[in-house]
1. For the list (1) assigned to a loop (DSSP other than H, G, I, E, B); (2) modelled with pLDDT of 95 or more, I need the number of the one condition that Gly414 fails.
2. I'd like the residue in region 363-380 that is of a type outside the set (A, V, I, L, M) and under 20 Å from His352 (Cα atoms) and, out of all such residues, is nearest to the chain's Cα centre (by Cα).
3. Looking at region 273-321, which of its residues are in a loop (DSSP other than H, G, I, E, B), within 15 Å of Thr145 (Cα to Cα) and touching a Gly at 6+ places or on another chain (Cβ under 9 Å)?
4. For region 6-46, which positions are under 15 Å from Ile313 (Cβ atoms) and of a type in the set (Ser, Thr, Tyr)?
5. Just one of the numbered conditions (1) touching a Leu at 6+ places or on another chain (Cβ under 9 Å); (2) outside any strand (DSSP E or B); (3) surrounded by 15 or more Cβ atoms within 10 Å (Cβ to Cβ); (4) at pLDDT 95 or above is not true of Ala370; which one?
6. Any idea which residue in region 281-299 is surrounded by the most Cβ atoms within 10 Å (Cβ to Cβ), counting only those that are acidic (Asp, Glu) and either within 20 Å of the chain's Cα centre (by Cα) or at pLDDT 95 or above (or both)?
7. Just wondering, is there one or more residues in region 382-391 that are closer than 20 Å to Leu429 by Cβ, part of a loop (DSSP other than H, G, I, E, B) and either among the hydroxyl-bearing types (Ser, Thr, Tyr) or at pLDDT 95 or above (or both)?
Amino acid sequence: MSEDADLVVIGQGPGAESLVMGALEAGLSVVAVDKHLVGGECPYYGCIPSKMMVRAGDALAEAGRVTGLAGEASVVPSWSPVAEKIAVQATDHWDDTVAVDRLADAGATVLHGTGRLAGPGQVDVELPDGSTRSFAARRGIVLNTGTRPSAPPIDGLGDTPYWTNRDAVRVTELPGSLVVVGGGPIGCEMAQAFARFGVRVTMVQSGDRLLPADEPEAGALLEEVLVSEGLRVMTGARTTAVSYADGAFTLALDSGETLVADKLLVAAGRTPNLDDLGLDTVGLDPTARTIDVDERLRVQGGEAGAGDALWAIGDITGKGAFTHVAMYQSAIALRDLLGQDGPPASYHALPHATFTDPEVGGVGMSEQQARDAGLSVRVGLAPLEQSSRGFTHGPGARGLIKVVEDVDRGVLVGGTAMGPGGGEILGFLAVAVHAAVPVATLQTMIYAYPTFHRVIETALGDLSDAP
């Protein structure tokens with residue numbers, strides 16, 4: 001027997017809570033389902049705990065910069081405060097009771113279990129005890145199942161106790177040595193954080209540079225910084241086999257070199273949680289890596305009418321695997337399912353930030369993406385450390401500003417802000433890209449002196465059409 005509900009939300013990752021709360025405030029009955037932790041990856045394994053690690057490592061690095069600036073300082077690193085803060089303050093020991101109670105107290109039916117589509121407007125929830133509750137959604141269904149850590153097809157890897165980011169944030173004792181496979185944001189952030197606590201870190205990146213989704217200048221500069229801090233960074237290196245014995249990992253590389261370390265962190269991608277969602281029951285491909293949605297987040301394709309009351313938000317839409325994308329999309333989906341008007345989704349000024357030191361923030365198109373899109377492009381580039389603020393700041397002021405202009409329209413279509421607070425400096429560029437502020441207007445603004453963001457003016461003055 002199916003139970004009736006106005007709305008069923010499968011997956012309680014970022015964005016789900018605001019959507020559920022908004023639906024409840026509108027008078028809808030809501031069933032919220034998640035098979036793991038209500039709140040998703042971000043508060044328990046991603047953004048929040050990892051940034052606590054990053055902040056702790058940054059404090060150690062800044063203390064090391066006292067010499068030459070303000071006297072002498074010595075610091076003894078200790079991981080215990082970091083581990084305790086993550087366990088107690090960030091994750092409540094990986095317990096989602098508070099989040100569950102918040103939704104339940106507002107009137108939602110919250111279920112821990114595996115939610116699966118069972119046809120248009122139908123959801124089955126398999127509970128931990130093996131029983132099933134079925135729901136008929138009168139208003140619709142929202143999918144927000146997110147992603148999980150994935151591992152590359154490396155011989156022997158699956159037989160070893162390797163870490164993913166979920167394991168790394170739960171560490172209470174640090175290893176002596178660590179190999180990080182993957183040079184994206186997760187790998188770079190964690191590699192630097194662990195290294196700053198004295199762990200000997202080697203990074204193995206199969207691509208030719210770190211942060212492959214960012215501008216190449218940013219990846220190259222970050223590699224310089226990491227190497228200067230004692231990390232070994234190997235780009236263009238592919239791991240062919242992994243084994244584990246006597247408490248140590250052994251990695252064979254395609255170059256013939258062998259690496260040995262106490263621990264191995266695999267940060268080489270994410271897998272969308274679509275494979276056990278019952279997509280086939282509404283005519284969608286269960287092997288797909290993303291769900292196609294329109295500008296209102298309505299699911300496209302599938303059986304006739306299946307997408308009329310089916311929305312998807314977050315990582316599984318393929319619009320950007322960021323918490324802020326899910327939150328942005330949730331507001332649009334909520335308006336649509338409530339029949340309210342409002343602006344449709346637009347991703348032309350999508351921002352992102354990697355919280356290494358220096359931070360790397362980007363928005364919109366990269367130079368290569370703009371050229372691939374057939375735009376007439378001009379690019380401006382300026383180093384941060386050569387600014388007056390960089391000079392007075394001293395150590396730790398590495399960074400750059402890069403701007404990408406669509407010459408035909410005379411507006412920026414992309415930008416990068418790398419440096420201390422790069423993610424914050426990015427806000428300026430994000431507004432410029434989002435609102436299509438004319439470059440001529442940006443070039444005639446007054447920029448405060450001496451600031452890091454003033455380097456944007458320098459980059460704008462450097463705009464040229466050189467290939």
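The values are calculated or read from the model by the stated rules, or taken from the named source; none is laboratory data. For clarity, every value in this text was computed on a predicted model and none was experimentally measured. Note that each Cβ is placed from the backbone with ideal geometry, even for glycine, and that neighbours are counted across all protein chains shown.
1. (1)
2. By that ranking, first place goes to Gly364.
3. Asn273, Leu277, Gly278, Pro286, Arg289, Thr290, Ile291, Asp292, Ile313, Gly314, Ala321, listed by residue number.
4. Within region 6-46, Ser18 is the sole residue that qualifies.
5. All conditions pass for Ala370, except number (1).
6. Asp292
7. Yes, some residue in region 382-391 is closer than 20 Å to Leu429 by Cβ, part of a loop (DSSP other than H, G, I, E, B) and either among the hydroxyl-bearing types (Ser, Thr, Tyr) or at pLDDT 95 or above (or both).
The rows are residues; the columns are (1) small (Gly, Ala, Ser); (2) in contact (Cβ under 8 Å) with a residue 24 or more places away in the chain.
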{"residue": "Gly158", "(1), (2)": "yes, no"}
{"residue": "Pro161", "(1), (2)": "no, yes"}
{"residue": "Arg170", "(1), (2)": "no, yes"}
{"residue": "Val179", "(1), (2)": "no, yes"}
{"residue": "Pro185", "(1), (2)": "no, yes"}
{"residue": "Ala191", "(1), (2)": "yes, yes"}
